[in-house]
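A quick write-up on the structure given underneath.
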Amino acid sequence: MAKTSTTTQGLRAAIERSGYYPALVAEAVEAAVGGEAIRSYLVHQETTFDANEVRRHVTVLVLTGNRFIVSHTDEQAADSTSPTPYATTSTESVKLGRISSVVLSRVVANPESYTPGTLPREVVLTIGWGAVSRIDLEPAACGDPNCEADHGYTGNSTADDLSLRVSEAGDGPETVRQALAFAQALSEATADVTR
């Protein structure tokens, strides 16, 4: 993020606004981006409740001319492996040509009176590039209710490497706008690669 472009400055500001270990998160993202120009980004902080603890997680998505970069940072409480709290940050860099799907689900209120351009109540962005696949299996059966034969298994294989939910109520309208803009930029970038 050494470049001084408006997009790079916007990403840095969004990371700082999240308030979630901004120096750590920015350094990890900067190392992954390297010298490439940033075309689009999305910063999403999520708070979860785990038993008696509140945990935070931040995901940063960055689109460059050649790559899709995902950064995750999680905080952990002190435990048997560490006497002090700690954070784990990881980045993954994916060539645009590897992205197999970009799914954007929109939830809108009062669809009968929807006006084009109205901000959705929430969006779910799901991106697949083949790193993680989930297989759901169940025993196969035939139509005979008395049949006791082994018919093997049936199931589905789903690729959903990343799924991110952003809502107006929880994250604010600007984050929803940013998620829509990022999804559109990523969709366009992957379409350009396949041409």
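The values are calculated or read from the model by the stated rules, or taken from the named source; none is laboratory data. Bear in mind that the values here come from a model prediction, so they are computed numbers and not experimental data. We place every Cβ from the backbone using ideal geometry, glycine too, and count neighbours over all the protein chains shown. When the accessible area is computed, the model is the full protein with side chains, heavy atoms only, and any ligands, DNA or RNA have been set aside. Shrake-Rupley method; radii C 1.70, N 1.55, O 1.52, S 1.80 Å.
A few remarks follow.
- Extent along the principal axes, Cα only, for segment 1-103: 42, 31, 22 Å, with the longest axis given first.
- Segment 1-51: trypsin sites (Lys or Arg not before Pro) falling in loop per DSSP and having at most 15 other Cβ within 10 Å: K3
- Selection from V103, A191, S5 lying farthest towards where the dipole of the chain points positive, charges on Cβ: S5
- Extension gain, A37-N110: 0.36 nm per intervening residue step, less the Cα-Cα distance, totals 22.3 nm.
- In the context of the full set of protein chains, segment 58-195 has a per residue accessible area of 59 Å² (1.4 Å probe).
- Cα extents for the chain along the principal axes, largest to smallest and rounded to whole angstrom: 70, 52, 37.
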